[in-house]
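A.B. asks: So that we are looking at the same thing, I have put the structure below in structure tokens.
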Amino acid sequence: MLKKFFIICSGSDSDILDNCSNGEQNKYAGIGATVFFTAVMAFIAASYALYTVFDKTYLAVGFGLVWGLLIFNLDRFIVSTIKKRGSFMDELIQASPRIILAVIIAVVISKPLELKIFEKEINQVLLEQKNELTLANKGQIAQQFTPTIEGLQNDIKSLQSQIDTKEAEVNALYDVYINEAEGTAGTKLLGKGPVYAEKREKHDAALAELQQLKLDNKEKISGIEAQILQLQTDYTTKVSASQPIIDGFDGLMARVNALGELPWLPPFFIFLLFLAIETSPIFAKLLSPKGQYDFKLEDEETAVKTWVEQKVNERNVLLKTDMAINNKIYNDIADEDELYQYKRKKARELMQLQADAFFKHQKNAL
């Protein structure tokens with residue numbers, strides 16, 4: 001039963017193979033088994049590849065099954081269309097388009113399995129790329145907020161500088177009126193005289209201005225700090241909103257690119273393995289000697305071809321014969337006087353009718 005199934009997978013004529021030896025049947029059963037298991041590998045590879053895209057099992061399995069059947073049909077067609085007829089070079093030239101197609105199929109099948117086999121290494125490469133993207137993303141978003149935040153921080157420094165300047169002025173006025181009271185500067189008279197009172201009054205006025213300035217600037221600084229805090233919150237929110245996009249950077253294309261970052265030799269050997277599997281039925285058929293099945297298949301095909309050519313030739317001969325007979329008959333009839341007189345009479349009647357019609361037309365025109 002299994003042997004019969006693999007023979008069907010090989011695309012060969014099972015009716016002809018039933019009359020061949022067991023060795024011939026086993027050869028085509030082996031070819032069919034290779035075609036079948038290649039389709040199974042294509043199903044697995046396509047299912048994994050589509051799972052990385054859709055992240056849904058039923059969709060991946062459904063599309064993978066369709067892809068596996070498509071590869072099975074293509075492989076079966078490729079193998080079944082190679083005929084053992086002439087020399088090896090002629091057969092190789094005949095099979096070259098099918099070999100190219102087999103190479104393309106091998107690439108398509110091997111790539112998803114390479115992604116699965118080297119999944120851990122690919123994940124490491126993707127992690128590094130995600131970290132780089134995260135840092136780059138934070139830097140790009142920061143460029144939108146940093147100038148504004150720096151401007152606000154400069155405003156705070158400017159307001160604080162106004163307070164510091166005013167404090168320095170008040171302290172200087174304090175030293176002046178203290179020195180006046182101690183007699184170490186100014187009038188150098190010990191005690192609190194009119195000059196002292198004047199300088200004290202000036203200090204007190206500056207101190208009141210300092211207190212008011214501190215209140216005003218403190219209110220302004222609080223408002224600016226609130227703006228900075230809001231901008232920092234917006235920055236954090238924007239970074240958090242864009243992070244899931246970076247975390248999701250592990251699709252099929254990203255994994256294929258990450259695979260390209262790895263050493264090329266191991267994936268290349270996997271590709272060679274699937275290339276050997278995909279092309280093995282073709283080369284097995286090309287390299288194998290002409291067997292019973294090939295002779296019997298050629299006998300059936302050439303029998304049909306000969307029968308068709310015979311029918312076509314018979315029709316051509318029949319046509320030539322019929323034409324020769326018709327020519328001879330018409331040549332014999334052409335010499336008969338009775339036929340001549342009859343056609344002469346009819347021609348005369350036709351010319352009279354034409355003359356009458358012309359006369360009538362001309363008369364109406366006048």
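The values are calculated or read from the model by the stated rules, or taken from the named source; none is laboratory data. Since the structure is predicted, the reported quantities are computational estimates derived from the model, not experimental observations. Glycine gets a Cβ as well: all are built from the backbone with ideal geometry, and neighbour counts include every protein chain shown.
A.B. asks: Restricting attention to the range 138-175, report how many residues are among the acidic types (Asp, Glu) and modelled with pLDDT of 85 or more. Break it down stepwise before answering.
C.D. replies: Filtering the range 138-175 for residues among the acidic types (Asp, Glu) gives 150, 155, 164, 167, 169, 175.
Pick out the ones that are also modelled with pLDDT of 85 or more and you get 150, 155, 164.
The total comes to 3.
A.B. asks: Just one of 44, 8, 82, 99 is outside any helix (DSSP H, G or I) and among the aliphatic types (A, V, I, L, M); which is it? If you could, list the steps in order and put the result at the bottom.
C.D. replies: On the way: 44 fails: outside any helix (DSSP H, G or I); 8 fails: outside any helix (DSSP H, G or I); 99 fails: outside any helix (DSSP H, G or I).
Answer to the selection: 82.
A.B. asks: I've got another one for you. I need a count of the residues in the range 47-82 that are more than 22 Å from residue 98 (Cβ to Cβ) and in contact (Cβ under 8 Å) with a residue 60 or more places away in the chain.
C.D. replies: Looking only at that region, the number is 4.
A.B. asks: Here's a follow-up. Would you pick out the residues in the range 83-101 that are of a type outside the set (D, E, K, R) and either closer than 24 Å to residue 14 by Cα or free of Cβ contacts under 8 Å to residues at least 60 places away in the same chain (or both)? Steps first, answer last, please.
C.D. replies: Filtering the range 83-101 for residues of a type outside the set (D, E, K, R) gives 86-89, 92-97, 99-101.
Those that are of a type outside the set (D, E, K, R) and either closer than 24 Å to residue 14 by Cα or free of Cβ contacts under 8 Å to residues at least 60 places away in the same chain (or both): 86, 87, 89, 93, 94, 95, 96, 97, 100, 101.
A.B. asks: Turning to a different aspect of this structure: Write out, first by first residue and then by second, each pair whose Cβ atoms fall under 8 Å of each other, whose residues are 6+ apart or on separate chains, and whose first residue, in the range 12-23, is among the hydroxyl-bearing types (Ser, Thr, Tyr) while the second is modelled with pLDDT under 75.
C.D. replies: 12/293; 21/292
A.B. asks: I need the full set of residues from the range 329-340 which are assigned to a helix (DSSP H, G or I), of a type outside the set (A, V, I, L, M, F, W, C) and surrounded by 10 or more Cβ atoms within 10 Å (Cβ to Cβ), in order please.
C.D. replies: Within the range 329-340, the first condition is being assigned to a helix (DSSP H, G or I), and the residues that meet it are 329-334, 337-340.
Still in the running and of a type outside the set (A, V, I, L, M, F, W, C): 330-332, 337-338, 340.
340 - this is the single residue of the range 329-340 that is assigned to a helix (DSSP H, G or I), of a type outside the set (A, V, I, L, M, F, W, C) and surrounded by 10 or more Cβ atoms within 10 Å (Cβ to Cβ).
A.B. asks: From the list 207, 189, 213, which one is outside any helix (DSSP H, G or I), over 17 Å from residue 141 (Cβ atoms) and either of a type outside the set (Phe, Trp, Tyr) or at pLDDT 85 or above (or both)?
C.D. replies: Working: 207 fails: outside any helix (DSSP H, G or I); 213 fails: outside any helix (DSSP H, G or I).
Of 207, 189, 213, the one residue that is outside any helix (DSSP H, G or I), over 17 Å from residue 141 (Cβ atoms) and either of a type outside the set (Phe, Trp, Tyr) or at pLDDT 85 or above (or both) is 189.
A.B. asks: Assigned to a helix (DSSP H, G or I), buried (at least 16 other Cβ atoms within 10 Å of the Cβ) and not assigned by TED's automatic domain parsing to the domain that holds residue 217: is that true of residue 68 in this structure? Full working, then the answer.
C.D. replies: Working: assigned to a helix (DSSP H, G or I): yes; buried (at least 16 other Cβ atoms within 10 Å of the Cβ): yes; not assigned by TED's automatic domain parsing to the domain that holds residue 217: yes.
Yes: the conditions hold for residue 68.
A.B. asks: Just give me the residues in the range 1-33 being crowded, with 19+ Cβ neighbours inside 10 Å and among the polar types (S, T, N, Q), in sequence order.
C.D. replies: 10, 12, 25
A.B. asks: Testing residue 220 on (1) within 30 Å of residue 37 (Cα to Cα); (2) touching a Leu at 6+ places or on another chain (Cβ under 6 Å); (3) basic (Lys, Arg), one condition comes back false. Which one is that?
C.D. replies: Condition not satisfied by residue 220: (1).
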